[in-house]
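One structure below.
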Ligand SMILES: Nc1ncnc2c1ncn2[C@@H]1O[C@H](COP(=O)(O)OP(=O)(O)OP(=O)(O)O)[C@@H](O)[C@H]1O
């Protein structure tokens, strides 16, 4: 696809940026459409077959973390898997930008950009997308598997999960997914949606862990222009955006008691009221929630509302940690090796036996996400055709005391966690803030663990 023939859509809530893009691209491309409201993406994509989308990562009325951009990227990918997407970020936040590429963006550019550089990025993205999608049938959903859409697992534990998913997906029941960090809760939520009767409708992800107290209501329930200082226009919340589809509430264990009460009211009444209005709007959503927090124990200590848990967990799925999934670790490692070898243009295809043993013996506290990053690093570092144990830098390098012990896993992990916490508190002479920082936990999370271990 040449630049001259390309139809391009630019989405940014800054009108100056849109004017600049329009002036730059109008003489260069077949069509340039600009839009400041990302909520219109769905209808714009339904009207026109765009070849490339320039998508801003930050929207002023929302969080300044770029999550919005990734949210809209996912939305675009749900509708059209092959259109090239270039993310635009003003914050030079490489991590987020890299994440967006992993989530399916073709490339990213930093604001302010140099015009020639932007044109080159657009041309390259169009070429790449033409190579990856030789049959230009962009309305047809591509069946090509990606990391995002494929859930792998041969272990008995995962076969049980797949069976459960097949059974529950077509029902409209609320689902609560439990499991440690990185076990695939988000992936399972997407799969349930894809296999449900709401598959053609929106799948809306809300990360409650990243919402501040003040943003919680406006993000979830929406607001009217002028409802608060930054509310510059009417805006639908995640509940409304998910109407007729699925709403995925991630990190549900991280919300305060007042927030739990607000959420419960919406779920009970099946209607939301945007901030600054008093007109309730009926909502029709399927709710999937996820957490790695022990919410039942929290409810026993009155930190979590039991009535909310009842609403959330009509059906519960608990994802097993990677260390109890047998040889899935090797299966996944092989899959990630091939995927990253392709991505980084390496001639790598296999993992040798010693490396496989190393993977089997390591506990993977960060589960699949940790494995994925370890393999990505190894692939980048390796110049050979086979991945060896030396290439694998497993972060904490504890050669899995769990896997080689006969004691139950949870007991050993609890002991290790308790002793790590005690040592950190001792080192900081009882200063919880400093200990929490060293442990990479929030103060609340550390207090929760102190309660759990009776410290
Ligand atoms: N069965 C699987 N097969 C292939 N990839 C997987 C599988 N499960 C998870 N992944 C990958 O592992 C990473 C972590 O998965 P995901 O984000 O769904 O975990 P999570 O449990 O929601 O994590 P967190 O609790 O931190 O939000 C993702 O990159 C995902 O694509």
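Condition check ((1) closer than 27 Å to residue 186 by Cβ; (2) part of a strand (DSSP E or B)) across all residues:
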| residue | (1), (2) |
| --- | --- |
| 220 | yes, no |
| 227 | no, no |
| 233 | no, no |
| 249 | yes, yes |
| 260 | yes, no |
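Just to verify a result, which residue in segment 87-107, among those that are in a strand (DSSP E or B) and surrounded by fewer than 22 Cβ atoms within 10 Å (Cβ to Cβ), is modelled with the lowest pLDDT?
So, considering only residues that are in a strand (DSSP E or B) and surrounded by fewer than 22 Cβ atoms within 10 Å (Cβ to Cβ), the one modelled with the lowest pLDDT is 89.
Suppose the filter is modelled with pLDDT of 90 or more, within 18 Å of residue 154 (Cα to Cα) and within 16 Å of the ligand (Cβ to nearest atom); does residue 370 pass it?
no
For the structure I just gave you, tell me whether residue 312 is touching a residue at least 40 places away in the same chain (Cβ under 8 Å) and farther than 23 Å from residue 162 by Cα.
It is false that residue 312 is touching a residue at least 40 places away in the same chain (Cβ under 8 Å) and farther than 23 Å from residue 162 by Cα.
Residues that are outside the structural domain of residue 236 (by the TED database) and at pLDDT below 90: list the helices (runs of 4 or more DSSP H) wholly contained in segment 275-349 that include at least 1 such residues.
The helices (runs of 4 or more DSSP H) meeting that bar are 328-343.
Sort out which residues of segment 108-119 are within 16 Å of residue 51 (Cβ to Cβ) and surrounded by fewer than 17 Cβ atoms within 10 Å (Cβ to Cβ), and write them in order of number.
If the condition is that a residue be within 16 Å of residue 51 (Cβ to Cβ) and surrounded by fewer than 17 Cβ atoms within 10 Å (Cβ to Cβ), then 119 is the only one that fits.
Does residue 341 qualify as being within 29 Å of residue 106 (Cβ to Cβ) and more than 14 Å from the ligand (Cβ to nearest atom)?
So residue 341 fits the description; yes.
Any residue at all in segment 182-191 that is touching a strand residue (DSSP E or B) at 6+ places or on another chain (Cβ under 7 Å), within 14 Å of the ligand (Cβ to nearest atom) and either more than 20 Å from residue 70 (Cβ to Cβ) or modelled with pLDDT under 90 (or both)?
No, segment 182-191 contains no residue that is touching a strand residue (DSSP E or B) at 6+ places or on another chain (Cβ under 7 Å), within 14 Å of the ligand (Cβ to nearest atom) and either more than 20 Å from residue 70 (Cβ to Cβ) or modelled with pLDDT under 90 (or both).
Scan segment 431-452 residue by residue and report those that are part of a helix (DSSP H, G or I) and more than 19 Å from residue 292 (Cα to Cα).
Result: 432, 433, 434, 435, 437, 438.
The values are calculated or read from the model by the stated rules, or taken from the named source; none is laboratory data. Quantities reported herein were computed from a predicted structural model and do not represent experimental measurements. Reconstructed Cβ throughout: ideal geometry from the backbone, glycine too, with neighbour counts over all protein chains shown.
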